[in-house]
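Structure, as structure tokens:
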Amino acid sequence: MKKLVLLVLTLVLFMTLTACVNLEPLPVDVDNFEAIQERGYIVVGLECNYAPFNWSVEKDQASDLALPQAGSRTYCDGYDVEIARTIATELGVKLYVKAVDWDGLIPSLATNGSIDMIIAGMSPTAERALTVAFSNEYYHSTHVVVLRSDSIYADATSINDFSNAFVVAQMNTFYDELVDQMSGANHVNPLGDVPTIITGIKSNTYDATILELPVAIAVTASNPELTYITFAQGQGFSVTYEDSAVAIAVRQSDVTLLTEINAILATISSETREAWMVSAINRQPE
């Protein structure tokens with residue numbers, strides 16, 4: 001009985017300390033690699049709302065790979081968390097996960113220094129690269145259309161088969177730009193996050209959205225009334241490398257950290273990356 005009580009108290013103390021941890025922001029205009037090593041931890045920012053790359057989960061549903069979110073009793077899991085864990089381990093530091101809304105990720109990194117890297121399914125676009133520095137890709141995406149299985153557009157074979165469809169995408173993402181490639185579709189004002197978009201499609205407010213293939217697989221697995229469409233070459237979206245790659249963002253001043261991250265990514269084979277993604281898809285909560 002005493003051992004059980006001690007175990008419970010230890011767990012409560014750990015969760016309390018994690019929820020109340022005071023993460024020290026770092027300067028945004030110097031190379032912080034030594035500072036990160038000296039303080040013994042690195043902070044990754046992500047939405048924790050973009051399965052299978054990242055999602056939130058309660059402790060009793062968390063896998064062994066999930067980590068507590070700083071300032072919260074909720075945990076974060078997903079492919080991005082596994083990548084972040086690997087980087088922190090190789091750097092020899094502890095990892096803290098900080099959930100940040102999509103629009104706040106780059107400011108949190110480049111303006112106030114409250115996070116040290118962004119691993120959030122983010123594409124290394126030229127516009128973003130004006131503010132942050134990007135690593136080599138850690139995943140490469142295929143873009144698909146998600147819609148209801150009973151939609152009149154469910155048999156589409158080209159992105160030009162969505163005439164009069166109401167298509168919505170996530171705000172301030174490349175997917176919102178891709179809507180304009182769907183000839184004849186109605187480009188609806190974007191929404192803040194994927195769960196809200198999915199709710200809108202399920203309720204018939206919108207007809208379709210654009211997502212990365214792993215996210216589409218995760219979404220349709222959790223929502224059997226939805227499906228996704230992949231397109232043959234020449235019938236899908238025209239996407240550049242920078243818009244299909246997924247990379248890690250760091251402060252532009254963190255040259256050493258970026259070099260270290262790229263060296264670590266180089267040791268992770270494509271087979272391992274795909275296995276991690278499949279694992280993330282399979283363990284996401286329904």
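The values are calculated or read from the model by the stated rules, or taken from the named source; none is laboratory data. Given the structure is predicted, the values throughout are model-derived calculations rather than measurements. Cβ coordinates were reconstructed from backbone atoms using ideal geometry, including for glycine residues, and neighbour counts include every protein chain displayed.
Observations, loosely collected:
- Considering only residues in the stretch 172-188 that are in a loop (DSSP other than H, G, I, E, B) and at pLDDT 95 or above, the one that is nearest to Thr205 (Cα to Cα) turns out to be Val188.
- Residues in the stretch 264-286 that are within 18 Å of Ala245 (Cβ to Cβ), surrounded by fewer than 18 Cβ atoms within 10 Å (Cβ to Cβ) and among the aliphatic types (A, V, I, L, M): Ala266, Ile268.
- Candidates in the stretch 72-96 are the residues that are over 15 Å from Ile119 (Cα atoms) and touching a residue at least 40 places away in the same chain (Cβ under 8 Å); of these, the one that is farthest from the chain's Cα centre (by Cα) is Gly92.
- Residue count, the stretch 131-160 (criterion: without any contact (Cβ under 8 Å) to a residue 24 or more places away in the chain and in contact with a Gly (Cβ under 8 Å, 6 or more places away or on another chain)): 0
- Meets criteria (polar (S, T, N, Q) and over 16 Å from the mean Cα position of the chain (by Cα)) for Gln69: no
- Candidates Ala232, Ala216, filtered to the one that is under 21 Å from Ala280 (Cα atoms) and either hydrophobic (A, V, I, L, M, F, W, C) or exposed (fewer than 14 other Cβ atoms within 10 Å of the Cβ) (or both): Ala216
- Ser163 being touching a Gly at 6+ places or on another chain (Cβ under 6 Å) and farther than 23 Å from Ala99 by Cα: yes
- The residue list Ser244, Ser238, Ser222, Ser270 contains one member that is out of contact with any helix residue (DSSP H, G or I) (no Cβ under 6 Å at 6 or more places or on another chain) and either under 15 Å from Tyr79 (Cβ atoms) or of a type outside the set (S, T, N, Q) (or both), which is Ser270.
Residue by residue, here is whether (1) of a type in the set (D, E, K, R); (2) under 21 Å from Asn32 (Cα atoms) holds:
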site: Glu58; (1), (2): yes, no
site: Ala66; (1), (2): no, no
site: Asp77; (1), (2): yes, no
site: Asp80; (1), (2): yes, no
site: Leu95; (1), (2): no, yes
site: Trp102; (1), (2): no, no
site: Leu109; (1), (2): no, yes
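- Just so you know, in the stretch 97-147 the residues that are surrounded by fewer than 19 Cβ atoms within 10 Å (Cβ to Cβ) and charged (D, E, K, R) include one that is nearest to the chain's Cα centre (by Cα), and it is Asp101.
- Residue tally, condition at pLDDT 95 or above and surrounded by 15 or more Cβ atoms within 10 Å (Cβ to Cβ), over the stretch 40-51: 8
- Restricting Ala185, Ala165, Ala169 to those that are buried (at least 20 other Cβ atoms within 10 Å of the Cβ), without any contact (Cβ under 8 Å) to a residue 40 or more places away in the chain and at negative phi reduces the list to Ala185.
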